[in-house]
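Chemist: Before I ask anything, let me first share the structure, which is written out below as structure tokens.
The values are calculated or read from the model by the stated rules, or taken from the named source; none is laboratory data. Quick caveat: nothing in here was measured; it's all calculated off a predicted structure. Positions of Cβ are generated from backbone atoms using ideal geometry, with glycine treated the same way; all protein chains shown enter the neighbour counts. For accessibility, only protein heavy atoms count, side chains too; no ligands or nucleic acids. Shrake-Rupley method; radii C 1.70, N 1.55, O 1.52, S 1.80 Å.
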Amino acid sequence: MQQRWPERLWIVRHGESAGNVARDAAQAAEAARIDISLRDVDVPLSDRGVEQATALGHWFAQMPAAERPDVLLVSPYLRARQTAEHISQAAAFGAELTGPRVDERLREKEFGLLDRLTRIGIEQEFPEQAALRRHVGKFYHRPPSGESWCDVILRLRSALDTISLHYGGRRVLLVGHQVVVLCLRYLLEELDEERILEIDRQADVANCGVTEYRFDPSQGPSGGLALHRYNFTAPLAREGAAVTAEPDAQAAAR
């Protein structure tokens, strides 16, 4: 029987972005709005984000050729595409690499009406949404014109189907966002709302943090992916790149 799942799957959050920096400044100032004019899709990496992606690329470069990624999938958002580019350059991926292939299903969660608002701003401008989110919880709350975690999970189910259909037995590197990392854990490990929110509460996903799965033939009749490491940042620390974990600018109400 042909192997359905990749041999390895690395899920990487993008490097620190200009949005991360702006969001951190707004929170520190207890401001209602995050001072950034770009569309979320157009927010670039910060200089520190470039350093993080480069350090991670060097980590991949040190792997034996037969263990390095041979498929690269990426969110269409600029910060994710730039992260994938700097990883690829530093790792010196060659002709063996399929991609980078942009997949819009890997994009950031859409925040709709609450875009660019801090928690303080949401309480001030849309107190009814703040109350609704407290009532239904962050997993199910869908802001007007935005998405819930469940909406993200729906599109990621489709993305996983594509990965299993086209990349069985391959070594797949996926570059996306914090919510993508968490929602893929929810799907791949068959978690429930309580467990994935507990993981989320424990710590934010680090910029360029690595979540890695390896194929395990003992998981079911056709095997499955087993978690090997989560939020792994040693490649950054080894090169002296800062480890950061700020939510994105548009994600203050995540």
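Residue-by-condition table, conditions (1) open to solvent by less than 30 Å² (accessible area, probe 1.4 Å); (2) at pLDDT 95 or above; (3) not charged (D, E, K, R); (4) not in a helix (DSSP H, G or I):
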{"position": "N20", "(1), (2), (3), (4)": "yes, no, yes, no"}
{"position": "D24", "(1), (2), (3), (4)": "no, no, no, no"}
{"position": "I36", "(1), (2), (3), (4)": "yes, no, yes, yes"}
{"position": "F60", "(1), (2), (3), (4)": "yes, yes, yes, no"}
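Chemist: What residue, among those in region 62-80 that are in contact (Cβ under 8 Å) with a residue 40 or more places away in the chain and assigned to a loop (DSSP other than H, G, I, E, B), is farthest from R105 (Cα to Cα)? Spell out the reasoning first.
Modeler: Step one: of region 62-80, the residues in contact (Cβ under 8 Å) with a residue 40 or more places away in the chain are 67-75, 77, 79-80.
If we keep only those that are assigned to a loop (DSSP other than H, G, I, E, B) as well, we get 68-70, 75, 77.
Values: R68: 24, P69: 20, D70: 20, S75: 7, Y77: 11 Å.
Taking the candidates together, the pick is R68.
Chemist: Provide a single number: the residues in region 199-253 that are of a type outside the set (V, I, T), part of a helix (DSSP H, G or I) and surrounded by 15 or more Cβ atoms within 10 Å (Cβ to Cβ). Explain how you work it out, then say what you get.
Modeler: Initial filter on region 199-253 (of a type outside the set (V, I, T)): 200-204, 206-209, 212-232, 234-242, 245-253.
Subsequent filtering for residues that are part of a helix (DSSP H, G or I) retains 200-202, 234-238, 249-251.
Imposing the further condition that a residue be surrounded by 15 or more Cβ atoms within 10 Å (Cβ to Cβ) reduces the set to 200, 235-236, 249-251.
Result for region 199-253: 6.
Chemist: Considering (1) aliphatic (A, V, I, L, M); (2) crowded, with 21+ Cβ neighbours inside 10 Å; (3) assigned to a helix (DSSP H, G or I); (4) modelled with pLDDT of 95 or more, say which one V12 fails and leave the rest.
Modeler: Result: V12 fails condition (3) only.
Chemist: Can I ask one more? Among the helices (runs of 4 or more DSSP H) contained in region 97-170, which hold 1 or more residues that are within 30 Å of A66 (Cβ to Cβ)?
Modeler: Output list reads 149-166.
Chemist: So which pairs qualify, if the first residue must be in region 138-159 and of a type in the set (A, V, I, L, M, F, W, C), the second must be surrounded by fewer than 19 Cβ atoms within 10 Å (Cβ to Cβ) and assigned to a helix (DSSP H, G or I), the Cβ gap must be under 7 Å, and the two must be at least 6 apart or on different chains?
Modeler: Qualifying pairs under 7 Å: F139/C150; F139/E193; F139/L197; I153/L187; L156/R105; L156/L187; A159/R105.
Chemist: Please find, within region 203-228, the residue that is nearest to the chain's Cα centre (by Cα) out of those that are at pLDDT below 95 and within 30 Å of S46 (Cα to Cα).
Modeler: Out of the qualifying residues, it is D204.
Chemist: Can we say V180 is closer than 30 Å to D47 by Cβ, under 16 Å from the mean Cα position of the chain (by Cα) and surrounded by 19 or more Cβ atoms within 10 Å (Cβ to Cβ)?
Modeler: Spelling it out, V180 is indeed closer than 30 Å to D47 by Cβ, under 16 Å from the mean Cα position of the chain (by Cα) and surrounded by 19 or more Cβ atoms within 10 Å (Cβ to Cβ).
Chemist: Cβ-Cβ under 9 Å, sequence separation 6+ or interchain: first residue in region 89-108 and open to solvent by 70 Å² or more (accessible area, probe 1.4 Å), partner aliphatic (A, V, I, L, M) and at pLDDT below 95. Which pairs?
Modeler: Between residues of region 89-108 that are open to solvent by 70 Å² or more (accessible area, probe 1.4 Å) and residues that are aliphatic (A, V, I, L, M) and at pLDDT below 95, the close pairs are E96/A65.
Chemist: Have a look at V74, V43 and point out the one that is touching a strand residue (DSSP E or B) at 6+ places or on another chain (Cβ under 6 Å), crowded, with 22+ Cβ neighbours inside 10 Å and farther than 24 Å from I120 by Cβ.
Modeler: Working: V43 fails: farther than 24 Å from I120 by Cβ.
None of the other options fit; the residue is V74.
Chemist: Out of region 26-75, which residues are in contact with an Asp or Glu (Cβ under 8 Å, 6 or more places away or on another chain), small (G, A, S) and over 26 Å from L160 (Cα atoms)?
Modeler: Scanning region 26-75 gives A26, A32, S46, G49, A55.
Chemist: Would you mind telling me which numbered condition in (1) open to solvent by 30 Å² or more (accessible area, probe 1.4 Å); (2) at pLDDT 95 or above; (3) over 22 Å from G57 (Cα atoms); (4) touching a Lys or Arg at 6+ places or on another chain (Cβ under 7 Å) R116 fails?
Modeler: Checking R116 against (1) open to solvent by 30 Å² or more (accessible area, probe 1.4 Å); (2) at pLDDT 95 or above; (3) over 22 Å from G57 (Cα atoms); (4) touching a Lys or Arg at 6+ places or on another chain (Cβ under 7 Å), the one that fails is (2).
Chemist: While we're on this one: Anything in region 38-53 that is part of a helix (DSSP H, G or I) and in contact with a Gly (Cβ under 9 Å, 6 or more places away or on another chain)? List them, or say none.
Modeler: D40, R48, G49, V50, E51, Q52, A53
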